[in-house]
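Comments concern the structure below.
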Amino acid sequence: MNAMRSSDEQLIARDAELSRIISIFNSVTTGPGRVVLLDGEPGIGKTRLAREVLACAQRMDALTFVGRCFEQHEATPFFPFMELLGSAFDAAPADVQSGARQRWPELVHLIPKIAQDEPEKLTVEYTQLRLFRATSSFISEQAEAKPLVMLLDDLHWADSTSLSLVLFLARFVDNAHVLILGTYRDTEIGRRQPLEGMLGELVRERLVDEVHLRRLSADGTSALVGARLGAASAPDDLISFVHSRAQGNPFFTEELLAALVEQGALSGNDRRLVKRLGDLEMPRSVRSLIGERISRLPLQSQELLRLASLLGEEFELDVLLAVSEMIEDQVLDALDAALEARIIEHPPGNHERFAFAHALIQQTLSEELPIHRRRRLHMRIGEALAHSLSDQSATAALARQFLLGGDTHRGIEYAILAGDDAAARYAHAEAAHHYRVALDLLLEQPGDSPSAADVGYRLAGELYDLNKLPEALAAFEAAFVSYSRLNNQRGQALAQWGIARLHQGRYDMASAERHAAEALRLWPPDRRDADLVHLLVDAARIKAYGGFAGGADLADQSLGVAEQLGDASLIARALFGVATVRGSTRHKPTDQLSILDRAVELALQASDWRTLSRLYLNRATTRWLVGDLDGNVADRRLAITAAERSGETERLAFACMSLGGALIRLGAWDEARLVLTRGLALNKEQLLPNASVSANLAWLDGRHDDALRELSTLVDRSRQSRDGQGLTTGL
Amino acid sequence: VQAEFALQLGRPEAAESAAREAFAASQAKWWVVVGLAAGPLADTLAWLGTDDANQMLDDLEGLVNTYGLYIARPQLLRARARLDARGGAFDEALEALKGGAELARSQHAVIDLAQTLALISSIARGTNRQSLATEADAERRAIVERVGPTARPLSWAKGLQLARTHEHHRDVGPLSPRECEVAVLIVGGQSNRHIAESLIISERTVENHVSSILAKLGLDTRGQVAAWAVQHGIAMQSE
């Protein structure tokens with residue numbers, strides 16, 4: 001019989017921390033949003049305090065939503081946000097729900113119930129930004145009628161993309177009455193690079209209020225013991241014993257009390273110790289204490305809990321039934337015993353799911369299992385999950401189970417699928433993680449595998465999207481070597497093209513030209529497809545930017561293939577290549593305008609915003625040359641709109657920077673300052689060199705010599721990398 | 001840009017090598033900007049009175065006329081005026097400058113116009129044409145005040161009697177920075193939906209901002225807001 005009061009009843013000895021967070025919440029109800037991060041060691045009560053904040057906020061008529069992170073879902077993209085946004089969507093008014101698909105189509109990837117059918121993959125690059133902006137916009141909208149608190153619990157287990165999204169929301173939350181409350185274990189800092197990176201950014205940008213939870217004092221322990229035992233005041237010897245063992249860790253304290261109750265060591269209304277302290281065999285660590293408590297359960301419960309611990313901190317009854325090899329009644333009896341002992345509990349409102357009462361319990365249980373048994377159980381779980389799960393997050397879970405179970409073959413298969421799933425949701429960090437796992441295992445196998453080359457190529461693409469350029473280069477080069485061994489010419493060409501794009505992105509035209517030429521040499525002559533059009537356009541533009549001969553031929557070839565394929569978007573793209581190349585040789589700008597007008601028309605027909613943003617910028621320069629400065633500014637504004645529609649951060653930043661430069665000439669310096677600052681903010685990842693925008697901003701601020709120095713830096717770098725555009729612009 | 005900035009700071013000697021290299025590089029590598037490089041080169045060489053200034057200006061005029069690179073015309077006219085003035089042909093110089101100013105006005109090339117007006121003022125004062133100088137200075141003063149105080153140390157803003165400013169940024173009336181951003185986007189012709197997307201706020205918040213702008217300025221329509229923003233120099237008129 002468990003005589004302990006539930007830990008849900010009353011928050012003890014955390015008044016100062018609670019008041020501080022509530023006062024921040026109060027400021028959010030009338031002012032801009034804030035971010036609060038609660039940190040502390042395991043068992044210190046972060047989640048308990050955070051839940052108390054949510055309860056207070058609910059009493060003050062706020063909306064509250066929770067997204068939890070679990071260790072087994074560390075590599076599942078957007079895991080906490082899928083839970084959080086799912087419940088926010090359920091709570092949204094009917095008109096918001098019915099219009100959500102139209103207003104925030106990108107959210108289909110995070111709230112699958114929005115979709116009426118399968119989500120389409122967005123056909124543009126940098127779509128992660130679109131997804132982030134849609135999330136921000138959806139949350140801000142929900143927070144308009146009532147303030148909103150979002151709890152992201154156990155962020156030390158969050159996937160990298162979710163952490164990036166938290167950072168994004170933190171940057172834009174000042175526009176909405178939103179409190180982002182996160183919890184994490186400070187003991188994990190140093191071991192979790194993405195979390196450390198996000199924290200560093202939040203602190204550097206002064207976006208966060210940090211609340212560190214310390215251990216309870218002896219008085220705090222006394223209050224906790226009294227409250228949990230339901231006694232007005234607990235005996236001093238008991239408090240002293242518990243405090244010396246648990247050292248002020250609330251979870252340890254509560255576990256210790258539970259063990260004392262279970263051992264019959266406490267009695268009477270005042271909960272006196274009825275056994276001598278010297279006679280009690282109380283473990284000295286929280287883990288051994290947990291082990292000791294579990295050992296008091298029936299054997300069948302213990303077995304089942306160990307199996308369940310491998311499913312994660314939370315698990316479904318159906319999945320447990322499928323993997324347990326016990327009959328349903330036995331499983332239910334075993335679970336009841338664990339529920340009774342408060343080792344597990346039901347998450348609120350869901351009686352088909354179970355959760356360990358604390359992550360430490362789940363970790364202790366799984367670590368208790370010998371390696372060979374753990375492996376066997378992981379395999380069994382993998383088999384069961386493969387038959388029962390169908391959602392997107394299942395591939396990551398399956399990969400994990402099979403890899404932990406030692407089934408390399410299926411582990412690789414599901415890791416690749418998990419990578420593809422993550423890539424389709426623009427969760428580049430998780431995609432790269434899964435591809436890297438699969439690739440490492442594939443490379444351990446004898447012989448050259450076609451899969452290894454393909455996975456390596458996909459990994460390179462994800463690293464490129466993450467702007468991890470040196471790693472992306474190494475991955476493209478490795479993919480090229482793998483494809484070469486397999487004599488796969490198209491693969492070799494794709495890898496070379498990737499390397500060329502990478503150098504082009506760094507404005508190193510000499511290297512870009514070499515690799516683009518190699519990609520074209522290797523391209524199979526019978527493959528005249530959309531990829532070839534894009535490759536030819538890229539190669540032509542690289543030649544133009546680098547001042548190499550032969551760009552015009554390539555641009556004409558791209559137009560030929562595009563016209564043969566009859567695709568408006570491809571023709572527009574090819575015309576963009578033609579215009580770029582002509583722009584680098586002697587020509588009349590007025591001739592250029594007719595090509596660009598036609599290309600714009602085709603790209604508009606195809607709603608190809610990606611190409612449109614480039615075309616508008618190109619046409620803006622052409623209009624500028626003929627003295628049409630108003631047309632120049634109008635096109636640069638259109639380029640911004642198109643880049644916003646296509647979701648390309650780099651293009652949007654570039655369009656803002658170029659509009660800023662044009663506005664300076666027109667004397668609209670206030671607006672120039674605004675758009676240049678926006679461009680600089682968008683270029684946080686420094687996809688573009690910042691020198692020219694920094695120079696312009698310095699100029700606008702009256703720091704004229706700083707402006708000249710920035711330009712000298714740009715010019716020197718452009719000379720070295722043979723970047724004609726950067727050189728002439730800077731000079 | 002380096003050459004143009006140096007010229008605006010009144011340092012033609014610092015502009016020369018950048019202007020020459022920019023023009024040479026644009027011809028060899030990036031012809032699309034040759035029209036942008038031609039103007040600063042002509043203006044720099046004429047200002048310095050280099051040996052090749054006349055020949056280079058003739059070549060550049062030929063290039064600009066052949067290819068229709070009209071953006072460079074106001075600067076070439078300014079360069080021609082500098083050379084005329086060096087030779088004592090002040091009437092011709094002023095004629096060239098008036099033509100350049102007219103062209104810059106029609107292109108809305110405000111900074112270029114200010115540079116031309118500064119030269120008109122200097123030559124007019126030196127040749128005792130006070131009313132022309134006063135007229136040029138009045139237009140130049142309006143530009144400097146519109147552009148803002150950080151332009152005051154630049155060569156084209158010098159020699160003017162300007163009102164004292166204590167604020168770094170020009171007063172944009174009662175609007176908050178966020179409302180200013182919304183006003184700028186209204187000038188750009190953007191709908192509330194697009195403004196919301198641009199500023200990453202909800203459409204309803206944009207509606208609130210627009211209502212607040214209208215109330216604060218005592219206006220009725222978005223068009224009036226756009227006109228106000230252009231009038232107060234916080235945004236350029238879009239096409």
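The values are calculated or read from the model by the stated rules, or taken from the named source; none is laboratory data. Note that this is a predicted model, so its numbers are computed, not measured. Heads up, the Cβs are rebuilt from the backbone with ideal geometry, glycines too, and the neighbour counts pull from every protein chain shown. In case anyone asks, the SASA skips ligands and DNA or RNA and just uses the protein heavy atoms, side chains included. Shrake-Rupley method; radii C 1.70, N 1.55, O 1.52, S 1.80 Å.
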- Odd one out for A:MET509 among (1) without any contact (Cβ under 8 Å) to a residue 24 or more places away in the chain; (2) in contact with a helix residue (DSSP H, G or I) (Cβ under 9 Å, 6 or more places away or on another chain): (1)
- Of (1) within 14 Å of the chain's Cα centre (by Cα); (2) within 22 Å of A:TRP669 (Cβ to Cβ); (3) of a type outside the set (Gly, Ala, Ser), B:GLU102 satisfies all except one. Which? (2)
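Here's the yes/no breakdown for (1) at pLDDT below 85; (2) more than 11 Å from every other protein chain (Cβ to nearest Cβ):
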{"position": "A:ARG614", "(1), (2)": "no, yes"}
{"position": "A:LEU625", "(1), (2)": "no, no"}
{"position": "A:GLY631", "(1), (2)": "no, no"}
{"position": "A:THR649", "(1), (2)": "yes, yes"}
{"position": "A:ALA672", "(1), (2)": "no, no"}
{"position": "A:ALA698", "(1), (2)": "no, no"}
{"position": "A:ARG722", "(1), (2)": "yes, no"}
{"position": "A:LEU727", "(1), (2)": "yes, no"}
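Listed here are the residues, each with its yes/no results for (1) more than 18 Å from A:ALA431 (Cβ to Cβ); (2) outside any helix (DSSP H, G or I); (3) open to solvent by 30 Å² or more (accessible area, probe 1.4 Å); (4) of a type in the set (Val, Ile, Thr).
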site	(1), (2), (3), (4)
A:ARG458	no, no, yes, no
A:TYR464	no, no, yes, no
A:ASN467	no, yes, yes, no
A:PRO470	yes, no, yes, no
A:VAL481	yes, no, yes, yes
A:GLN496	yes, no, no, no
A:HIS503	yes, no, no, no
A:ALA512	yes, no, no, no
A:ALA516	yes, no, no, no
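Looking for something touching a Pro at 6+ places or on another chain (Cβ under 6 Å), part of a helix (DSSP H, G or I) and touching a residue at least 40 places away in the same chain (Cβ under 8 Å) - is there at least one such residue anywhere in the stretch B:37-48?
The answer is yes, given that some residue of the stretch B:37-48 is touching a Pro at 6+ places or on another chain (Cβ under 6 Å), part of a helix (DSSP H, G or I) and touching a residue at least 40 places away in the same chain (Cβ under 8 Å).
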- Message: For the stretch B:34-45, check the following and say yes or no: at least one residue is touching a Phe, Trp or Tyr at 6+ places or on another chain (Cβ under 7 Å), within 7 Å of chain A (Cβ to nearest Cβ) and not polar (S, T, N, Q).
- Response: yes
- Message: Against the condition surrounded by fewer than 16 Cβ atoms within 10 Å (Cβ to Cβ) and away from every other protein chain (no Cβ under 14 Å), how does B:GLU95 come out, does it pass?
- Response: yes
- Given (1) more than 12 Å from every other protein chain (Cβ to nearest Cβ); (2) part of a helix (DSSP H, G or I); (3) at pLDDT below 90, where does A:SER607 come up short, assuming only one miss? (2)
- Message: So in the stretch B:109-126, with the set limited to residues that are at pLDDT 90 or above and of a type outside the set (A, V, I, L, M), which one is farthest from B:VAL230 (Cα to Cα)?
- Response: B:SER122
- Query: Consider A:ARG586 against the criteria (1) open to solvent by 30 Å² or more (accessible area, probe 1.4 Å); (2) more than 12 Å from every other protein chain (Cβ to nearest Cβ): it satisfies all of them except one. Which criterion is unmet?
  - Reply: (2)
- Residue check, B:LEU76 farther than 24 Å from A:ALA579 by Cβ and away from chain A (no Cβ under 14 Å): no
- Message: All but one of (1) at pLDDT 90 or above; (2) buried (at least 24 other Cβ atoms within 10 Å of the Cβ) hold for B:GLY35; state the number of the condition that does not hold.
- Response: (1)
- Those residues of the stretch B:216-230 that are more than 12 Å from B:GLU179 (Cα to Cα) and open to solvent by 70 Å² or more (accessible area, probe 1.4 Å) come to a total of 3
- Message: Contact list please: Cβ distance under 7 Å, first residue in the stretch B:75-99 and in a helix (DSSP H, G or I), second residue basic (Lys, Arg), pairs at least six apart or on different chains.
- Response: B:ALA96/B:ARG80; B:LEU97/B:ARG78
- Item | Close pairs (9 angstrom Cβ cut-off, 6 or more residues apart or separate chains): facing another protein chain (nearest Cβ under 7 Å) and over 27 Å from B:ARG152 (Cβ atoms) in the stretch A:651-670, crowded, with 24+ Cβ neighbours inside 10 Å and at pLDDT 90 or above anywhere | none
- Message: Kindly evaluate A:GLY551 against the criterion of being within 14 Å of chain B (Cβ to nearest Cβ) and farther than 27 Å from A:ASP608 by Cα.
- Response: no
- Item | B:ARG20 being more than 7 Å from chain A (Cβ to nearest Cβ), closer than 29 Å to A:ARG541 by Cα and open to solvent by 10 Å² or more (accessible area, probe 1.4 Å) | yes
- Query: If you check B:ILE120, B:ILE71, B:ILE111, which single one turns out to be within 12 Å of another protein chain (Cβ to nearest Cβ) and surrounded by 22 or more Cβ atoms within 10 Å (Cβ to Cβ)?
  - Reply: B:ILE71
- Would you call A:ASP597 of a type in the set (Asp, Glu), within 14 Å of chain B (Cβ to nearest Cβ) and without any contact (Cβ under 8 Å) to a residue 40 or more places away in the chain? no
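Quick check: anything in the stretch A:31-49 assigned to a strand (DSSP E or B) and either polar (S, T, N, Q) or open to solvent by 20 Å² or more (accessible area, probe 1.4 Å) (or both)?
yes
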- Note on the structure: Residues in the stretch A:326-345 that are open to solvent by 60 Å² or more (accessible area, probe 1.4 Å) and in contact with a helix residue (DSSP H, G or I) (Cβ under 8 Å, 6 or more places away or on another chain) total 5
- Going by the conditions given, is A:ARG306 on the phi > 0 side of the Ramachandran plot and open to solvent by 10 Å² or more (accessible area, probe 1.4 Å)? no
- Selected residue [open to solvent by 40 Å² or more (accessible area, probe 1.4 Å), at pLDDT below 80 and at negative phi] from B:GLU145, B:GLU135, B:GLU239, B:GLU139: B:GLU239
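May I ask you to list the residues in the stretch B:23-32 that are among the polar types (S, T, N, Q) and more than 8 Å from every other protein chain (Cβ to nearest Cβ)?
Listed by number, the list holds a single entry, B:GLN27.
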- When the residues of the stretch A:419-449 are filtered to those that are farther than 30 Å from A:LEU129 by Cβ and among the charged types (D, E, K, R), which remaining residue is least open to solvent (accessible area, probe 1.4 Å)? A:ASP448
